[in-house]
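Peer 1: After the structure tokens below, expect a handful of questions from me.
What follows is calculated from the coordinates using simple rules that are stated; it is not laboratory data. Since the structure is predicted, the reported quantities are computational estimates derived from the model, not experimental observations. Counting neighbours? That spans all protein chains shown, and the Cβs are built from the backbone with ideal geometry, glycine included.
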Amino acid sequence: MTQSIRVFNVTRRFYMKPKRAVRAVENCACAWVEVGVSLRDLTLAEAIAARNRQASLRDPLPVAELLGVWYWLHGKEAATRAERELALEANRLVLQHG
């Protein structure tokens with residue numbers, strides 16, 4: 001696909017750059033009528049279905065959940081977790097002696 005060729009959006013009746021058209025299809029906003037020539041906007045229901053289909057094709061395990069991989073908190077997350085643990089421990093101490 002050369003850069004001088006434009007892709008026609010049938011729904012809104014305007015031409016767009018091919019790179020922008022491919023991005024719109026990847027973001028589940030449009031669907032090809034003819035690949036590389038024309039596309040159309042997806043309805044809300046079609047866009048939701050396309051995003052669900054796209055999500056089901058992704059890797060089921062995020063990096064943090066891979067077996068044998070350790071995950072350490074850094075920065076604000078670690079400080080927040082430490083503060084919560086201290087507050088929980090203080091609450092337990094008050095309940096035991098209270």
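Peer 1: Sorted by packing (mean other beta-carbon atoms within 10 Å per residue), highest first, where do 79-88, 33-42 land? Display every interim value, and only then the final one.
Peer 2: Details: 79-88: 10.4, 33-42: 14.9.
The most tightly packed comes first, giving 33-42, 79-88.
Peer 1: Within 10 Å, Cβ to Cβ, of R12, how many net charges do the neighbouring residues add up to if Lys/Arg are +1 and Asp/Glu are -1? Provide the component values of the computation, followed by the final result.
Peer 2: Details: positive: R13, R40; negative: D41.
Combined, the nearby Lys, Arg, Asp and Glu give +1.
Peer 1: Still on this structure: In which sequence would F14, F8 go, from the one with the fewest C-beta neighbours within 10 Å to the one with the most? If you can, show how the numbers build up before the last one.
Peer 2: Details: F14 10, F8 16.
Listing F14, F8 from fewest to most nearby Cβ atoms yields F14, F8.
Peer 1: I need to check one value: relative contact order of the stretch 7-97, counting alpha carbon pairs closer than 8 Å and at least 6 residues apart, in percent.
Peer 2: It comes to 19 percent, rounded to a whole number.
Peer 1: Suppose every Lys and Arg Cβ carries +1 and every Asp and Glu Cβ carries -1, with no other charges. What dipole size does the stretch 7-97 come out with about its Cα centre, to the nearest 20 debye? Write out the running numbers ahead of the final one.
Peer 2: Working: 14 positive and 10 negative charges, 120 e Å.
Charge dipole of the stretch 7-97: 580 debye, to the nearest 20.
Peer 1: Taking neighbour counts of Cβ atoms within 10 Å as a proxy for exposure, in what order, fewest first, do W32, W72 appear? Spell out each step's value before the answer.
Peer 2: Details: W32 15, W72 6.
In order of increasing Cβ crowding within 10 Å: W72, W32.
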